[in-house]
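The values are calculated or read from the model by the stated rules, or taken from the named source; none is laboratory data. Quick caveat, the model's predicted, so the values are computed rather than measured. Reconstructed Cβ throughout: ideal geometry from the backbone, glycine too, with neighbour counts over all protein chains shown.
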Amino acid sequence: MTYSILCYLSRKAGTTPEQFKDYYTGSHLPLYRRLAAPYLPARHTQLYIHRTTAAGEGNTPRNPSTPASVFFGAQADFDFDVIVTLEFKDYAAFQAHHEFLQQPDIQAQIAEDEERFLDRSQTRAVRLGEIIETRA
């Protein structure tokens, strides 16, 4: 059975949504893939929040001019920038990945790079339970 993690990531202050996505996909992921090559998840999916460029009532301090396109809820519910899912073959694969990333030299390289584009104080992660997918 797969072992899946859900992460919420937020961009660093002064970074636009486009700069965040460009850095994450063009710089951070290649570094991560190079460092963790033998321990990569089977699937790494990024789901970016759609943002407009309009200041308005209800915008948040984190996103004063880039509100999310909210259908239900409030702007503050969507202050993060991307939802990332990491899917591992099983718990053993996740554990090997996690232990590898905890090595001080690897951890330092990842953290140093994350400081360039992430507000690490806002990072959240949780293990997913059962995943049910419905298709047309």
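Looking across region 116-136 at every residue that is in contact with a Lys or Arg (Cβ under 9 Å, 6 or more places away or on another chain) and touching a residue at least 24 places away in the same chain (Cβ under 8 Å), the one that is farthest from Y3 (Cα to Cα) is identified as R116. Going through (1) surrounded by 13 or more Cβ atoms within 10 Å (Cβ to Cβ); (2) over 16 Å from the mean Cα position of the chain (by Cα) one by one, V82 falls short only on (2). For region 67-76, the criterion of being surrounded by 13 or more Cβ atoms within 10 Å (Cβ to Cβ) and at pLDDT 95 or above is met by no residue. Residues that are farther than 28 Å from I132 by Cβ and of a type in the set (A, V, I, L, M, F, W, C) within region 1-28 comprise A13, F20, listed in sequence order. List the number of the failed condition for Q109; all other conditions in (1) surrounded by 10 or more Cβ atoms within 10 Å (Cβ to Cβ); (2) under 14 Å from the mean Cα position of the chain (by Cα); (3) polar (S, T, N, Q) hold. Status for Q109: all satisfied but (2). Identify the residue in region 1-46 that is without any contact (Cβ under 8 Å) to a residue 60 or more places away in the chain and in a loop (DSSP other than H, G, I, E, B) and, among all such residues, is farthest from D113 (Cα to Cα). The qualifying residue farthest from D113 (Cα to Cα) is A42.
In region 20-43, what count of residues is obtained for those that are under 21 Å from Q75 (Cβ atoms) and more than 14 Å from the chain's Cα centre (by Cα)? Please lay out each step first, then the result.
Of all residues in region 20-43, those under 21 Å from Q75 (Cβ atoms) come to 20-21.
Then keep just the ones that are more than 14 Å from the chain's Cα centre (by Cα); that gives none.
Selection size over region 20-43: 0.
Among the residues of region 93-136, which ones are among the charged types (D, E, K, R), out of contact with any Leu (no Cβ under 8 Å at 6 or more places or on another chain) and assigned to a helix (DSSP H, G or I)? Residues satisfying the conditions are E99, D105, E112, E114, R120. Only a single item in (1) touching a helix residue (DSSP H, G or I) at 6+ places or on another chain (Cβ under 9 Å); (2) part of a helix (DSSP H, G or I) is not met by L86, and it is number (2).
Selection of first residues in region 70-83 that are among the small types (G, A, S) and of second residues that are assigned to a loop (DSSP other than H, G, I, E, B), restricted to Cβ pairs under 9 Å at least 6 apart or on distinct chains, gives the following pairs, ordered by first then second residue: A74/G58; A74/T60; A76/G58; A76/T60; A76/R62.
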